[in-house]
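This report concerns only the one structure given below.
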Amino acid sequence: MSDLKCSWKNNKNVAQKQLKLNLNELSSKDSYPAHWNACLHLIKHFGPKKILDLGCGVGTMYRVITEAIPNIDYTGVDFSEESIKLAKETWGHGKFYVKDVMSLIQSDISEYDLVFTSALFDVMPNGDDALEHILRLQPKSLLISRAKITLDKSFYRTYMAYDEIETCEFYHNKDNFLSLCSEYNYEINQINDNFYLVRVNDKSV
């Protein structure tokens, strides 16, 4: 499991291949993946002013979000030094930082209106634990993009990403996913596999 968890960490070839794919998708709004459009719709609807992108990779969502919503305050973090270096070089944005999601504490996220994750949990073999860790930090809202949900017990399976690394795709058990959201007092707004969670402030955690 530890190898799978670290497989994305500092592979320069993977970061460059990911960026090449994303730049092609950015070439036209007609080329945008469906989850980009869904996320933009949800973000525009709820109107957060300050976003923290967890597992930002090479930072492509910075371009996607700020082009659609120019005044939004974006910060991206990822545990891959290679990805963060490439993000800074590509987008000329200074608010990209190297951080491990599992080491975050509440003060790291409390200033943000929205914590955004795009396929973060599904490339972690401990996706349920990672999700609960973030929910425990009580973000004001949490957007989980491309969440994989199953009626079976939570599980992951492995595959080769970009012909470079063995990684995983994690599937959250539906009942457990909904139970965690309820336990930590979040209401769910959903477009396909994109879930915008809003914390209900009048409940006690």
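Computed values, structure above
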read-out: Residues satisfying the stated conditions in segment 87-109, i.e. under 16 Å from Thr60 (Cα atoms), in contact (Cβ under 8 Å) with a residue 40 or more places away in the chain and open to solvent by less than 30 Å² (accessible area, probe 1.4 Å); value: Phe96
read-out: Check on Tyr112, at negative phi, assigned to a loop (DSSP other than H, G, I, E, B), touching a strand residue (DSSP E or B) at 6+ places or on another chain (Cβ under 6 Å) and open to solvent by 10 Å² or more (accessible area, probe 1.4 Å); value: yes
read-out: Selection within segment 185-205 - over 19 Å from the mean Cα position of the chain (by Cα) and either open to solvent by 70 Å² or more (accessible area, probe 1.4 Å) or of a type outside the set (A, V, I, L, M, F, W, C) (or both); value: Asn185, Asn201, Asp202, Lys203, Ser204, Val205
read-out: Residues of segment 149-163 satisfying the condition of being surrounded by 16 or more Cβ atoms within 10 Å (Cβ to Cβ) and part of a loop (DSSP other than H, G, I, E, B); value: Ser154
read-out: Out of Leu19, Leu52, sole residue that is at negative phi, among the aliphatic types (A, V, I, L, M), part of a helix (DSSP H, G or I) and open to solvent by less than 80 Å² (accessible area, probe 1.4 Å); value: Leu19
read-out: Criterion (small (Gly, Ala, Ser), modelled with pLDDT under 90 and closer than 30 Å to Asn10 by Cβ) met by exactly one of Ala130, Ala161, Ala147; value: Ala161
read-out: Residue satisfying condition, being buried (at least 20 other Cβ atoms within 10 Å of the Cβ), farther than 19 Å from Asn194 by Cα and polar (S, T, N, Q), within set Ser145, Ser80; value: Ser80
read-out: Test: residue in segment 169-178 that is of a type in the set (Lys, Arg), at pLDDT 95 or above and outside any helix (DSSP H, G or I); value: no
read-out: Test set (1) open to solvent by 30 Å² or more (accessible area, probe 1.4 Å); (2) assigned to a loop (DSSP other than H, G, I, E, B); (3) under 22 Å from Ser103 (Cβ atoms) - Asp129 fails condition number; value: (2)
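One line per residue, one yes/no per condition, for (1) modelled with pLDDT of 95 or more; (2) basic (Lys, Arg); (3) more than 17 Å from the chain's Cα centre (by Cα):
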residue	(1), (2), (3)
Leu4	no, no, yes
Asn11	no, no, yes
Asn37	yes, no, no
Ile43	yes, no, no
Leu52	yes, no, no
Val58	yes, no, no
Asn71	no, no, yes
Thr75	yes, no, no
Ser80	no, no, no
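The values are calculated or read from the model by the stated rules, or taken from the named source; none is laboratory data. From a predicted model like this one, the values you see are computed outputs, not experimental measurements. No Cβ is skipped: glycine too gets one built from the backbone with ideal geometry, and neighbour counts run over all protein chains shown. Areas reflect the complete protein model, heavy atoms only, side chains present, ligands, DNA and RNA absent. Shrake-Rupley method; radii C 1.70, N 1.55, O 1.52, S 1.80 Å.
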